1. Treating cross-link reach as a plain straight distance, find the lysines whose alpha-carbon is under 19 Å from the alpha-carbon of K320, omitting any fewer than eight places away in the same chain.
2. Over the chain, what is the mean sequence separation of C-alpha contacts under 8 Å (at least six apart), divided by residue count, expressed as relative contact order in percent?
3. Non-local amide H neighbours of K130 (under 5 Å, H modeled in plane, Pro and chain starts lacking H): which ones?
4. Rounded to a whole number, what is D in µm²/s for the stretch 261-312 from Stokes-Einstein with the Kirkwood radius over alpha-carbon pairs (25 °C, 0.890 mPa s)?
5. Report the extension gain between D59 and K153 in nm, rounded to one decimal, defined as 0.36 nm multiplied by the number of residues separating them, less their alpha carbon distance.
6. Sorted from largest to smallest, which semi-axis lengths in Å does the alpha carbon gyration tensor of the chain give for its equivalent ellipsoid, taking the root of 5 times each eigenvalue?
7. Taking just the alpha carbons, could you work out the radius of gyration and Dmax for the stretch 34-167, both in angstroms?
8. Just grab the label-to-label distance for L30 and S2, each label 7 Å out from Cα along the Cβ direction, in nm (one decimal).
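Only the coordinates and a few stated rules stand behind these numbers; no lab work does. Since the structure is predicted, the reported quantities are computational estimates derived from the model, not experimental observations. Counting neighbours? That spans all protein chains shown, and the Cβs are built from the backbone with ideal geometry, glycine included.
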Amino acid sequence: MSLPYRDALEGISPYVPGKPISDVQRELGLIEVIKLASNENPFGCSGNVEKVLKDALSDIPLYPDGNATVLREKLAEKFGLKPEQFVFGAGSNEIITFIAQIFLNPGDESIYADPSFTWYYTAVKMSGAKPVAIPLKDYTHDLDAMKNAISDKTKIIWICNPNNPTGTIITAQQLNDFLSSVPKNIVIVLDEAYYEYATGENYPETVPLLEKYPNLIILRTFSKAYGLASLRVGYGMASSEIVSYLNRIRPPFNVNTLAQMAAVAALDDQDFVNNTVNETKKGLNFLYSAFDRLNLRYVKSYTNFVWVETRLASTELFNKLLHKGVIIRPFMGNWVRITVGTQEQNNRLITALEEVL
Ligand SMILES: Cc1ncc(COP(=O)(O)O)c(C=O)c1O
């Protein structure tokens, strides 16, 4: 007799992460393998982090501070918000799940762009609601089509800015127009996982919008520019009302002590983040020239990764590069997503691409 799995799980596949380096080493007998598949920080993390983690070791037997008080207060000061406007997750991923859980009932609808970060789909499906995917236009969110897709069942709209996997942004003006035209009872989630890389003239500064739009939630993470992906810590900023509902379902102690302490230490080292962003921009320019030389189509990126089209099917290119010890991320058709590495890693990628293509 079959077990009573929920109907909502139909159509959900396990998340497919970037292939780990150790898998490739083991499966292909390679030693020197580089991973440019998960938009991690190739420059590591702040030196401050190592020091605080040593100090934190004695706290391992104790439960973490479930309120993440020090981190909360530090971020509140940084952004000029109230401490109760922050929610923390084991990665911003976890907060995406919480958001879907607090707003979506079976039968509701939730709109997101396609392709975009795949967890929106999973989180929406998990809650029993209907995911409504709106294809990108010119590699970026088609805000008009997203607006037209709104029905009286729409509860959440997800905007990934910059968008993963294409690296494009919607501008401050586009966002303002969108926010002002969407009914205020629909929740807008701005996923800004790559915020630190994107800051520039047209990229929106969204924290000040929280006051005007109580239906807004901003998500950020320590996994990318801060280089703390394995520690799993991300945060959401929203009205204290939304946060109070998110906290109803947030599991106890979901962000561990090492993650909290590392995040606080990382915030104190903005030089590290600035250096990461500068080196990434140089790396992107290097990759653009190499792609131009190789006659490959790519999309200008506001992030630490780039969306590229080659003449090979994406899985074929992925497998060929894998045999050369370079892990990238295959997507649809001939499109792949490649994380910007260190200069040495970028050189290695381009050499491998030249051989394979
Ligand atoms: C757009 C976007 N949002 C959220 C996440 C989740 O990041 P984390 O859970 O590590 O904070 C990622 C990770 O790749 C991402 O690309």
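1. K19, K35
2. On the way: 645 pairs, mean separation 85.0, N = 357.
Worked out over the chain, it gives 24 percent.
3. Amide H neighbours of K130: G107, D108, E109, S110.
4. On the way: Rh = 12.8 Å.
Calculated translational D: 192 µm²/s.
5. Working: separation 94, 0.36 × 94 = 33.84 nm, distance 4.65 nm.
Computed gain between D59 and K153 is 29.2 nm.
6. Values: eigenvalues 192, 135, 92 Å².
Largest first, the chain gives 31, 26, 21 Å.
7. 18.6, 54
8. That separation, rounded to one decimal, is 4.0 nm.
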